[in-house]
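For reference, the structure is listed below as structure tokens.
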């Protein structure tokens, strides 16, 4: 298996622009998580899904952030409009049942 | 809420030195405990885990024991190598509540010098 796939790996955009991050989970995994990593706040959960249904979105910073999982093979995290404080590394992770979480390589977002 | 506290880094050691990275936790339920490792430019990889009190997780020479009485899960290795240089994260997942998301500590950077 190719593991968790994230795209793009790097994104540089200007403040106010829309940003879409993508994640393809490992086949058969029924949980999908979006985490954000910054120097100031460390690793924090944004949202997670179980069987494509959002379970906990309490970590989503504000209305500018939205996440979807239209099917078991794909999820997106969208920021509109983006701000410089959104600059971070965004990780997608997936797991099956009681197993371990597998992390993707991350998307490094820079908002100028 | 749940939280994880781990020692500040960076930790700088010479090759073959003994490593300890302290981790303590606070949880409302009975959590599972994990150590993840992050190499430069990569995602996190599970290093080891323990799911109940007194369990010892081990992998690649690293060990950690789930100590419920002290709410700790310290990471140890008897002889570190340069290739162990990375950032190490302690984390928990509160399975009692059915919550699968991980709560992470702040991470500890380890630098091993030849």
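The values are calculated or read from the model by the stated rules, or taken from the named source; none is laboratory data. The structure presented is a predicted model; accordingly, all values stated were derived computationally and were not measured. Neighbour counts are summed over all protein chains in view; Cβ atoms, including those assigned to glycine, are modelled from backbone coordinates with ideal geometry.
Conditions (1) free of Cβ contacts under 8 Å to residues at least 60 places away in the same chain; (2) under 15 Å from residue B:46 (Cβ atoms), marked per residue:
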site: B:59; (1), (2): yes, yes
site: B:66; (1), (2): yes, no
site: B:81; (1), (2): no, no
site: B:89; (1), (2): no, yes
site: B:93; (1), (2): no, yes
site: B:98; (1), (2): yes, no
site: B:106; (1), (2): no, no
site: B:112; (1), (2): no, no
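Number of residues in the range B:3-20 that are part of a strand (DSSP E or B), away from chain A (no Cβ under 14 Å) and farther than 30 Å from residue A:10 by Cβ equals 4. Residue count for the range B:82-110 satisfying the condition of being away from chain A (no Cβ under 14 Å) and surrounded by 14 or more Cβ atoms within 10 Å (Cβ to Cβ): 3.
Would you mind telling me which numbered condition in (1) without any contact (Cβ under 8 Å) to a residue 24 or more places away in the chain; (2) within 14 Å of another protein chain (Cβ to nearest Cβ); (3) farther than 21 Å from residue A:39 by Cα residue B:32 fails? With (1) without any contact (Cβ under 8 Å) to a residue 24 or more places away in the chain; (2) within 14 Å of another protein chain (Cβ to nearest Cβ); (3) farther than 21 Å from residue A:39 by Cα applied to residue B:32, the lone miss is (1).
Out of all the residues in the range B:24-44, which are exposed (fewer than 15 other Cβ atoms within 10 Å of the Cβ) and assigned to a strand (DSSP E or B)? Hit for the range B:24-44 is B:26, nothing else. Anything in the range A:48-64 that is within 13 Å of chain B (Cβ to nearest Cβ) and either under 20 Å from residue B:4 (Cβ atoms) or in contact with a helix residue (DSSP H, G or I) (Cβ under 9 Å, 6 or more places away or on another chain) (or both)? List them, or say none. Scanning the range A:48-64 gives A:48, A:56, A:58, A:59. Criterion applied to A:67, A:93 was being under 11 Å from the mean Cα position of the chain (by Cα), facing chain B (nearest Cβ under 9 Å) and in a strand (DSSP E or B), and the one residue passing it is A:93.
Limited to the range B:87-100, what total is found for residues that are at pLDDT 90 or above and over 21 Å from residue B:67 (Cβ atoms)?
Total meeting the criteria: 1.
The residue that is farthest from the other protein chains (Cβ to nearest Cβ), counting only those in the range A:23-42 that are part of a strand (DSSP E or B) and closer than 12 Å to residue A:93 by Cα, is A:24. Do we have any residue at all in the range B:99-111 that's out of contact with any strand residue (DSSP E or B) (no Cβ under 6 Å at 6 or more places or on another chain) and either outside any strand (DSSP E or B) or within 23 Å of residue B:16 (Cβ to Cβ) (or both)? Yes, the conditions are met somewhere in the range B:99-111. Considering (1) modelled with pLDDT under 95; (2) assigned to a strand (DSSP E or B), the lone condition that residue A:75 does not fulfil carries the number (1).
Note on the range B:67-81: residues that are part of a loop (DSSP other than H, G, I, E, B) and either within 14 Å of chain A (Cβ to nearest Cβ) or surrounded by 20 or more Cβ atoms within 10 Å (Cβ to Cβ) (or both) total 2.
Go through the residues of the range A:6-21 one by one and say whether even a single one is assigned to a strand (DSSP E or B), at pLDDT below 95 and at the interface with chain B (Cβ under 9 Å from one of its Cβ atoms). No: zero hits.
Listed here are the residues, each with its yes/no results for (1) over 14 Å from the mean Cα position of the chain (by Cα); (2) in contact (Cβ under 8 Å) with a residue 24 or more places away in the chain; (3) buried (at least 18 other Cβ atoms within 10 Å of the Cβ).
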{"position": "A:6", "(1), (2), (3)": "no, yes, yes"}
{"position": "A:16", "(1), (2), (3)": "yes, yes, no"}
{"position": "A:19", "(1), (2), (3)": "no, yes, yes"}
{"position": "A:23", "(1), (2), (3)": "no, yes, yes"}
{"position": "A:31", "(1), (2), (3)": "no, yes, yes"}
{"position": "A:36", "(1), (2), (3)": "no, yes, yes"}
{"position": "A:43", "(1), (2), (3)": "no, yes, yes"}
{"position": "A:51", "(1), (2), (3)": "yes, no, no"}
